[in-house]
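These notes concern the structure reproduced below.
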Amino acid sequence: MSVIIGIDPGSRKTGYGVIKSAGPQVSYVGSGVIYTGTGDLASRLLTIYTGLSELIGQFSPEMMAVEQAFLAKNVQSTVKLAEARSAAIVAGANLGLNVFEYTPMQIKQAVVGYGAAQKQQVQYMVRHILHLNGDPPEDAADALACAICHGYTYRVTTAMGDQVAQLSSVHGRLRQ
């Protein structure tokens, strides 16, 4: 069983979601939003870094999944999003987590089955997959979706890696 923290980065609001992943089963551990306030950018990035560092200490995840930045029409927004992602990635890496990145399309495809799904569809599927009583806030739902995406992806790639290793072993024995 793996504990995964998913991150939906933002310079004003950063969503987080923690799940346990055991084979094809995922279960809810916790989620929420880190609000950074309206201060200068350095202070907001520090809030993201320290907030996630505390959450990693609290939940003890083994892996972190972070949503990749999309290209916004406003260049300044894209830059701030990239900086928020960096603060999250450094928090995870500093505490020894393997950090994995997924595009919004990959996350939606894994959770909803459609890469251009709307936010409400993601919320609904997160609630359904994790058997929650209600919809989590959008940022937390996106972070949980990112964690679910990683749980599913990691399980498949690990299984494929095991099969490739077995095939290589068989191939090596046959060559001898």
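The values are calculated or read from the model by the stated rules, or taken from the named source; none is laboratory data. Keep in mind the model is a prediction, meaning the values are calculated, not measured. Every residue, glycine as well, gets a Cβ built from its backbone with ideal geometry; the counts of neighbours run over all protein chains shown.
Determine the pairs where a residue that is closer than 11 Å to residue 52 by Cβ and in contact (Cβ under 8 Å) with a residue 40 or more places away in the chain, located within the stretch 80-91, has a partner that is surrounded by fewer than 23 Cβ atoms within 10 Å (Cβ to Cβ) and aromatic (Phe, Trp, Tyr) with Cβ atoms under 9 Å apart, the partner being 6 or more residues away or on another chain.
Once the first residue is closer than 11 Å to residue 52 by Cβ and in contact (Cβ under 8 Å) with a residue 40 or more places away in the chain and sits in the stretch 80-91, its partners that are surrounded by fewer than 23 Cβ atoms within 10 Å (Cβ to Cβ) and aromatic (Phe, Trp, Tyr) give 87/49; 88/49; 90/49; 91/49.
Which members of the stretch 15-38 meet the condition of being surrounded by 23 or more Cβ atoms within 10 Å (Cβ to Cβ) and touching an Asp or Glu at 6+ places or on another chain (Cβ under 7 Å)?
15 - this is the single residue of the stretch 15-38 that is surrounded by 23 or more Cβ atoms within 10 Å (Cβ to Cβ) and touching an Asp or Glu at 6+ places or on another chain (Cβ under 7 Å).
Of all residues in the stretch 39-50, how many are polar (S, T, N, Q), surrounded by fewer than 16 Cβ atoms within 10 Å (Cβ to Cβ) and under 24 Å from residue 70 (Cβ atoms)?
0
For the stretch 1-46, give me each residue that is over 23 Å from residue 110 (Cα atoms) and among the basic types (Lys, Arg).
Listed by number, the residues that qualify are 12, 13, 44.
So which residues in the stretch 93-147 are surrounded by 16 or more Cβ atoms within 10 Å (Cβ to Cβ), among the aromatic types (Phe, Trp, Tyr) and without any contact (Cβ under 8 Å) to a residue 40 or more places away in the chain?
124
Just to be sure, is residue 132 part of a loop (DSSP other than H, G, I, E, B) and modelled with pLDDT of 95 or more?
Answer is yes for this residue.
Given 93, 143, which one is within 18 Å of residue 19 (Cα to Cα) and modelled with pLDDT of 95 or more?
From the options 93, 143, the qualifying one is 143.
Could you name every one of the strands (runs of 3 or more DSSP E) located completely within the stretch 1-87 that has at least 1 residues being under 20 Å from residue 132 (Cα atoms) and in contact with a strand residue (DSSP E or B) (Cβ under 8 Å, 6 or more places away or on another chain)?
2-8, 13-22, 25-35
Considering each of 9, 61 in turn, give the residue that is surrounded by 13 or more Cβ atoms within 10 Å (Cβ to Cβ), touching a residue at least 40 places away in the same chain (Cβ under 8 Å) and farther than 18 Å from residue 136 by Cα.
61
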